[in-house]
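Input: a single structure, listed below in structure tokens.
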Amino acid sequence: MSDEGTKPTTPAAPVAGASDGLPRPDITALGRLLHGPRDISTVSLVGIFLLGFVAFLYFAKPFLMPVILAVLLNFLLKPIARWLCRRGLPQWLAALVVLAVFLGALTTGVTRITEPAKEWADKAPESVRKLESKVRDWLRRAEPFTKAAGKVQNLAQGTDELATRIELKSSNLADTVLSYTKSFLTGAIETTVLLYFLLASGDLFMHKLVKVLPTLHDKREAVEIAHEVQHNISMFLFTIAVINAGLGALVAGAMFLIGLPNPVLWGVMAGLLNFIPYFGPFAGVIVLALAGLLSFESAGSALAPPLIYLGLHALEANFLTPLVLGRRLTLNPVVIFVSLIFWTWLWGIPGALLSVPVLMTLKIMCDHFRPLASIGEFLSE
């Protein structure tokens, strides 16, 4: 009997992927992925283009912001100018009338809220001391023990330091605001002039597009798509503006009924902040809570302004806006939040105000172009 017959056999090493269901490692698979239909060079070019586009948006803010704002306002005001043209006014005169009425209403609104806002800003140090006194009094009533008294003392010291910082930095804040005045006025003038030209041009660009298209079918399709896109964007912007204005009017009326000073200021604030999803209502609740604490003595009365605003906003966001716009013009909340973060990071507060209109415009345009219909589906609710 040979030794080979009694020699113990060594178990074979397991082959990776043979029994656990995982694919066997193969370097050629990586090569096929890099040189297949999704070529790595194509993916890299797309990535570089997107990064370059984001950088372009960031550095081109002084140029792009007036253009985007003028285009959006053109969608909002163009139906009114077109209605005036059907009543016999020339295109240039209709554009001038619409622009004059819009700027007049905007100037009147800004003038009405400038003085109350300035009063609140001037009283900021005194208001902080008053708020500190109220908080200290409430905490003393709630926790009369020594430990609570120590916390109150720390809170008082912190609020005193905050008031001192407000006093010291008030001039710096004024200087910062003044430093942006020139760029703001320049952007406002550019937006106004461009908006007038867009309103006065009417359907000029549509006629140019029809002229360059080769076939009658292409011309008809382009006109139908353009009219539908303009109609949907105009309807969305007008509806959102009316809803936010109505919300501001309700907030102003409610603040007037409960006795909060300067109700028009809070109504305008609520209407403007409602253009910024999520962050806007959150900021409105905080501001109205502070205004209530500074204006009323009791805690129940002080909490009434933010609770009323929160209730009105909940009714608007969950019932009124979805009912009026419908599912077709309702955006995905996740996409809205991502867009809000992106545009706020990119352009600050103006970007936050423009994030939803720009996103809605993109969705409507994607819905009307077959190659981009899948993107529009992801943007919808």
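The values are calculated or read from the model by the stated rules, or taken from the named source; none is laboratory data. A quick note: this is a predicted structure, and the numbers were derived from the prediction, not measured. A quick note on method: Cβ atoms are made from the backbone with ideal geometry, for glycine too, and the neighbour counts reach across all protein chains shown. All accessible areas refer to the heavy atoms of the entire protein, side chains included, with ligands and DNA or RNA removed. Shrake-Rupley method; radii C 1.70, N 1.55, O 1.52, S 1.80 Å.
Brief remarks follow.
- Inter-label distance, Ile341 to Ala317: 1.7 nm, where each label sits 7 Å from its Cα along the C-beta direction.
- Percent carbon-and-sulfur accessible area, segment 267-381, ignoring ligands, DNA and RNA, probe 1.4 Å: 79 percent
- Segment 264-331 - percent relative contact order, Cα under 8 Å, separation 6 or more: 21 percent
- Exceedance of the 28 Å cut-off in Cα-Cα distance is limited, within the set Lys182/Lys363; Lys61/Lys363; Lys78/Lys208; Lys208/Lys363; Lys78/Lys363, to Lys182/Lys363.
- Per-residue extension of 0.36 nm, minus the Cα-Cα distance of Ala188 and Arg87, leaves a gain of 33.4 nm for this segment.
- Modelled spin-label separation between Ala245 and Asn332, with each label point placed 7 Å from Cα along the Cα-to-Cβ direction: 3.3 nm.
- A cut-off of 5 Å between modelled amide H atoms, ignoring neighbours fewer than 5 places along the same chain, links Ser380 with Asn332.
- Only Lys, Arg (+1) and Asp, Glu (-1) charged, at Cβ; segment 228-381 dipole about Cα centre in debye: 160 debye
- Segment 343-365 residues near the modelled Lys208 label - backbone nitrogen below 17 Å, point 7 Å along Cα→Cβ: none
- Neighbour cut-off at most 10 other Cβ (10 Å), DSSP loop, trypsin sites (Lys or Arg not before Pro), segment 317-381: Arg327
- The label point for Ala60 and the one for Phe256, both projected 7 Å from the Cα toward the Cβ, are 4.6 nm apart.
- Leu272-Glu224 FRET efficiency (beta carbon distance; Förster radius 45 Å; 0.05 resolution): 0.80
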